[in-house]
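Participant: Got a structure here, written out as structure tokens. Questions coming.
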Ligand SMILES: Cc1cc2nc3c(=O)[nH]c(=O)nc-3n(C[C@H](O)[C@H](O)[C@H](O)COP(=O)(O)O)c2cc1C
């Protein structure tokens, strides 16, 4: 697929077919994340791959009862490794770079998922403490996004975007 086409046609998918995803595809998706840029090439992020129905149900609760999280065949919990980034970059590493590293990796994964004919949704609304406790995520590691993945069972209308001129400031803000 042409890159712009992939970027332009990716949508958040919240309804999935009852079909498993091969581990090879999960591997390809995570590999795409690994090739994202990261501060100092530290790659200060990690991912918890969840397929267990009981854990997915609990994740749906931690996401304030979003049923599609339990229904997705695979859930990727992308975490920022605060300790790794702070060791090199102090507070800026801990508060900013590791989050950016995780977000860059997550976006690469979203595009790869779409390119593979799968669908995904970035879920940012969740109780961090509950997710960390449920998955055994240690101190110094912060869950940043919960990405649900599956074969799409919906074709959403693209939500509108603002006009390009609304984003741009020229020379100064
Ligand atoms: C930081 C962030 C947080 C988001 N949180 C949620 C969420 O909690 N639940 C959800 O259903 N979608 C969530 N989304 C997906 C957005 O709703 C979606 O990307 C946006 O409406 C644009 O639609 P599109 O992805 O189809 O272009 C989130 C996206 C981002 C980048």
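Participant: Report yes if some residue within the stretch 96-107 is touching a residue at least 60 places away in the same chain (Cβ under 8 Å), within 11 Å of the ligand (Cβ to nearest atom) and either part of a helix (DSSP H, G or I) or closer than 20 Å to residue 11 by Cβ (or both); otherwise report no.
Facilitator: yes
Participant: Quick check on the stretch 150-157. Is at least one of its residues over 30 Å from residue 57 (Cβ atoms), surrounded by fewer than 14 Cβ atoms within 10 Å (Cβ to Cβ) and free of Cβ contacts under 8 Å to residues at least 12 places away in the same chain? Spell out how you get there, then give the answer.
Facilitator: Initially, the stretch 150-157 is screened for residues over 30 Å from residue 57 (Cβ atoms), giving none.
Within the stretch 150-157 (the criterion being over 30 Å from residue 57 (Cβ atoms), surrounded by fewer than 14 Cβ atoms within 10 Å (Cβ to Cβ) and free of Cβ contacts under 8 Å to residues at least 12 places away in the same chain), the answer is no, since none of the residues qualifies.
Participant: Taking helices (runs of 4 or more DSSP H) that fall entirely within the stretch 1-88, which contain at least 2 residues that are more than 16 Å from the ligand (Cβ to nearest atom) and under 16 Å from residue 117 (Cβ atoms)?
Facilitator: Fully inside the stretch 1-88 and qualifying: 23-34.
Participant: Sort out which residues of the stretch 119-131 are closer than 17 Å to residue 148 by Cα and either in contact with a helix residue (DSSP H, G or I) (Cβ under 8 Å, 6 or more places away or on another chain) or at pLDDT below 95 (or both), and write them in order of number.
Facilitator: The initial filter retains those residues of the stretch 119-131 that are closer than 17 Å to residue 148 by Cα, namely 119-128, 131.
Answer for the stretch 119-131, where residues must be closer than 17 Å to residue 148 by Cα and either in contact with a helix residue (DSSP H, G or I) (Cβ under 8 Å, 6 or more places away or on another chain) or at pLDDT below 95 (or both): 119, 120, 121, 122, 123, 126, 127, 131.
Participant: Same structure, new question: In the set 116, 111, 134, which member is more than 15 Å from residue 79 (Cβ to Cβ), modelled with pLDDT of 95 or more and away from the ligand (no atom under 16 Å from the Cβ)?
Facilitator: Just a single option satisfies the conditions, and that option is 116.
The values are calculated or read from the model by the stated rules, or taken from the named source; none is laboratory data. Bear in mind the structure is a predicted one, so any value in this text is a computation, not a measurement. Methodologically, a virtual Cβ is constructed for each residue, glycine included, from the backbone with ideal geometry; neighbour enumeration extends over all protein chains shown.
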